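Structure, as structure tokens:
The values are calculated or read from the model by the stated rules, or taken from the named source; none is laboratory data. Quick caveat, the model's predicted, so the values are computed rather than measured. Please note: Cβ atoms are built from the backbone with ideal geometry, for glycine as well, and neighbour counts cover all protein chains shown.
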Amino acid sequence: MAETAAQGTVARKADHVRINLEQDVAGQGPGSGFDEYRFVNRALPGIDLADVDTSARLFERKLGAPFLISCMTGGTQEARRINQTLAAVAQEHGFAMGLGSARALLEEPGLLDTFAVRAQAPDVLLLANLGAIQLNKGYGADDCRRLLDMLQADALVLHLNAIQEAVQTGGDTCFRGLLAKIETLCKQLNAPVIVKEVGWGIAADTVRDLFDAGVAAIDLAGAGGTSWSEVEKHRIEEPWRARVAGSFVEWGIPTAECLRAARAAEPDGVLIASGGISSGIDTVKALALGADAVGIAGPFLRAADAGEAAANDLARELREVLRIAMFALGERTIADLRETKRLLRPDQHP
């Protein structure tokens, strides 16, 4: 029996989770760029640790800390376990959460239980996710509204993955005119639209274009973390095609560089920093560079695979590092941290 489109999508997503857990698929380029920065300690913080407030607001929802468990998976029973584990963690700690690409769900509504997490996370800012390329494949505002309704999600993420599609066998590469489709969707959806890369970064000129098109936020998703060309390399059977995918292991804009340029280009735009952010101190640096929230994927995927206790411990660690770092900088609130003058590059001096 021929494989249906939904079955093919589900099989691919299962491969993606397996490869991420079993293989080294990190980019080998310049890294996320956060190691180029350091904080100037404030020996007399001028505040008590109890004064520090890590809460933030995103799309009118209060977060316990400005962290997003980034879009990862869905469509399989293993994805169901991972999503429900992460949803419980997001609910416990007040983090936002993104679900994996839901094209398979639109193709096969019977997969809903592998994505649906609202029961585990009634108060969480929940983001649905669809490949932006699907807007060029016949999907429109009605489909996106249906997706939001099915998942009881608060906003829609459109992900950009041109290189991944180009190296993937049978990938969708019809990106022509996509910005205009995004602009139309922003006008019609009546819900926030977030555009994110998947790990190669969004340069300042594209950031400006996307905000001009009406997007509510941009997840920069720079280089330094998972390389999806490397993930696809592990799925390709033909050696020459695998070498083509492997050629892009160093591709991408470091996340810190993306963030600095994007904030300079759009001082008031809502920016999410993700891509290679694997430590608590990296999250603090990202916020100090102007991010409104910080997205983390791979560390949470691996923690969730180990179980809810491990994922909860990771969430506790991230929030506590943020709280103590803010104390050590004398910054009471996230807004204060974003304005700190105590983050320096190597060529600067305190």
Checklist outcome for this item: In the set E165, E183, E237, E232, the lone residue that is charged (D, E, K, R) and part of a loop (DSSP other than H, G, I, E, B) is E237
Checklist outcome for this item: Restricting segment 291-314 to residues that are in a helix (DSSP H, G or I) and in contact with a Phe, Trp or Tyr (Cβ under 9 Å, 6 or more places away or on another chain), the one farthest from G98 (Cα to Cα) turns out to be L314
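Yes or no, residue by residue, for (1) part of a strand (DSSP E or B); (2) of a type in the set (A, V, I, L, M):
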| position | (1), (2) |
| --- | --- |
| R118 | no, no |
| A121 | no, yes |
| N129 | yes, no |
| I133 | no, yes |
| C144 | no, no |
Checklist entry - Going through segment 315-341 one residue at a time, which ones are of a type outside the set (D, E, K, R), under 15 Å from A291 (Cβ atoms) and in contact (Cβ under 8 Å) with a residue 12 or more places away in the chain? => result L318, L322, A325, M326, T333, I334, L337, T340
Next on the checklist: Any residue at all in segment 79-101 that's within 15 Å of D149 (Cα to Cα) and among the hydrophobic types (A, V, I, L, M, F, W, C)?
Outcome noted: yes
Checklist entry - Is it the case that L99 is touching a Ser or Thr at 6+ places or on another chain (Cβ under 9 Å), among the hydrophobic types (A, V, I, L, M, F, W, C), over 18 Å from F59 (Cα atoms) and surrounded by 18 or more Cβ atoms within 10 Å (Cβ to Cβ)? => result no
Checklist entry - Which one of these does S55 not meet: (1) buried (at least 16 other Cβ atoms within 10 Å of the Cβ); (2) among the polar types (S, T, N, Q); (3) at pLDDT 95 or above? => result (1)
Item to check | Among the candidates W251, W240, residue that is without any contact (Cβ under 8 Å) to a residue 12 or more places away in the chain and either crowded, with 18+ Cβ neighbours inside 10 Å or over 23 Å from L185 (Cβ atoms) (or both) | outcome: W240
Next on the checklist: Can you tell me how many residues within segment 329-350 are crowded, with 18+ Cβ neighbours inside 10 Å and of a type in the set (A, V, I, L, M, F, W, C)?
Outcome noted: 3
Checklist entry - Residue check: is L189 in contact with a Cys (Cβ under 8 Å, 6 or more places away or on another chain), surrounded by fewer than 22 Cβ atoms within 10 Å (Cβ to Cβ), at pLDDT 95 or above and more than 16 Å from L220 (Cα to Cα)? => result yes
Checklist entry - Tally time: how many residues in segment 315-344 are in contact with a Lys or Arg (Cβ under 8 Å, 6 or more places away or on another chain) and assigned to a loop (DSSP other than H, G, I, E, B)? => result 2
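Filtering segment 138-162 down to residues that are farther than 24 Å from V231 by Cα and free of Cβ contacts under 8 Å to residues at least 40 places away in the same chain, which residue is surrounded by the most Cβ atoms within 10 Å (Cβ to Cβ)?
Residues of segment 138-162 farther than 24 Å from V231 by Cα: 138-156.
Adding the requirement that they be free of Cβ contacts under 8 Å to residues at least 40 places away in the same chain leaves 138-139, 142-143, 149, 152, 156.
On the way: G138: 7, Y139: 20, D142: 10, D143: 16, D149: 10, Q152: 14, L156: 25.
Per the stated criteria, the residue is L156.
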Next on the checklist: One residue is enough: does segment 269-280 have a residue meeting the conditions touching a Ser or Thr at 6+ places or on another chain (Cβ under 7 Å) and either surrounded by fewer than 22 Cβ atoms within 10 Å (Cβ to Cβ) or aromatic (F, W, Y) (or both)?
Outcome noted: no
Checklist outcome for this item: Among (1) closer than 30 Å to E257 by Cβ; (2) among the hydrophobic types (A, V, I, L, M, F, W, C); (3) surrounded by fewer than 17 Cβ atoms within 10 Å (Cβ to Cβ), L130 falls short only on (3)
Checklist entry - Going by the structure shown, is V207 in a helix (DSSP H, G or I), under 16 Å from the mean Cα position of the chain (by Cα) and under 26 Å from D282 (Cβ atoms)? => result yes
Checklist entry - Can you tell me how many residues in segment 68-92 are closer than 16 Å to L125 by Cβ and surrounded by fewer than 21 Cβ atoms within 10 Å (Cβ to Cβ)? => result 3
Next on the checklist: All but one of (1) touching a helix residue (DSSP H, G or I) at 6+ places or on another chain (Cβ under 6 Å); (2) surrounded by 17 or more Cβ atoms within 10 Å (Cβ to Cβ); (3) touching a residue at least 24 places away in the same chain (Cβ under 8 Å) hold for A303; state the number of the condition that does not hold.
Outcome noted: (3)
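Collect the residues in segment 298-338 that are among the basic types (K, R) and under 20 Å from the mean Cα position of the chain (by Cα), keeping them in residue-number order. Lay out the reasoning, then the answer.
Going through segment 298-338, the residues among the basic types (K, R) turn out to be 302, 316, 319, 323, 332, 338.
Result: R302, R316, R319, R338.
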